[in-house]
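Working notes for the structure below.
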Amino acid sequence: MSAPTSSPSAAAAPGAAGAQALAPLRGWWRALPAREQRLLTLAGAVLGVALLWWVALQPALRTLRTAPAAIEASENQLRAMQRLAAEATELRNAPPVNVEQAGAALRAATERLGELAKLSLQGDRAVLTLNGVSTSQLSDWLAEARSGARARPVEASLLRNGPGYSGTLVLALGGAP
């Protein structure tokens, strides 16, 4: 058995293999007239600039254009969440309302809806039957029920009916679960 031999040419083989692979390409390039070399160089530069635009610059510029609107939308959402958190904290710290006071507050809120709603009180529950109540009216009524009567919706069966909602809402009054 003979020991492996290492020669200087074996260590340079990886670089030499790359140079040998590029040799035909270099020969082809040198064989081209100067005008064609300039045109191919120009075409390569145009292709490189286009690639740079599509890969790096255009996405970055698009992000810069859309970022202010996205930031503002996120800030608006944050402010809304902070308002809701403050309202929840305020409601949590508010003294409880007994069932009679809650019923009176719900009746007053329901009277503002007129013929579009009917309230039925059943112990520590209230059932509101709606017939064509608009989104803003329903939102206002729910806000008043939450703040004035400390009532929480526990069940809702609503259908979008033309310009408004129809169906029933069941609310828990006072400290009822």
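The values are calculated or read from the model by the stated rules, or taken from the named source; none is laboratory data. Please read these numbers as outputs of a predicted model, since none were measured by experiment. Positions of Cβ are generated from backbone atoms using ideal geometry, with glycine treated the same way; all protein chains shown enter the neighbour counts.
A few comments on the model shown:
- From 160, 125, 107, residue being among the basic types (Lys, Arg) and under 31 Å from the mean Cα position of the chain (by Cα): 160
- Close pairs from segment 144-167: first touching a residue at least 60 places away in the same chain (Cβ under 8 Å), partner assigned to a strand (DSSP E or B), Cβ under 8 Å, at least 6 apart: none
- Flag not set for residue 106, criterion: among the aliphatic types (A, V, I, L, M), more than 23 Å from residue 87 (Cβ to Cβ), surrounded by 14 or more Cβ atoms within 10 Å (Cβ to Cβ) and in contact with a helix residue (DSSP H, G or I) (Cβ under 9 Å, 6 or more places away or on another chain).
- Checked against the criterion of being within 26 Å of residue 157 (Cα to Cα) and loosely packed, with under 14 Cβ neighbours inside 10 Å, the candidates 135, 63, 89 yield just one match: 135.
- Taken over segment 56-107, the residue count meeting the criterion of being under 30 Å from residue 122 (Cα atoms) and of a type in the set (Val, Ile, Thr) is 3.
- Those strands (runs of 3 or more DSSP E) of segment 62-177 in which at least 1 residues are out of contact with any Lys or Arg (no Cβ under 8 Å at 6 or more places or on another chain), at pLDDT 90 or above and on the phi > 0 side of the Ramachandran plot, considering only elements entirely within it, cover 125-133, 164-172.
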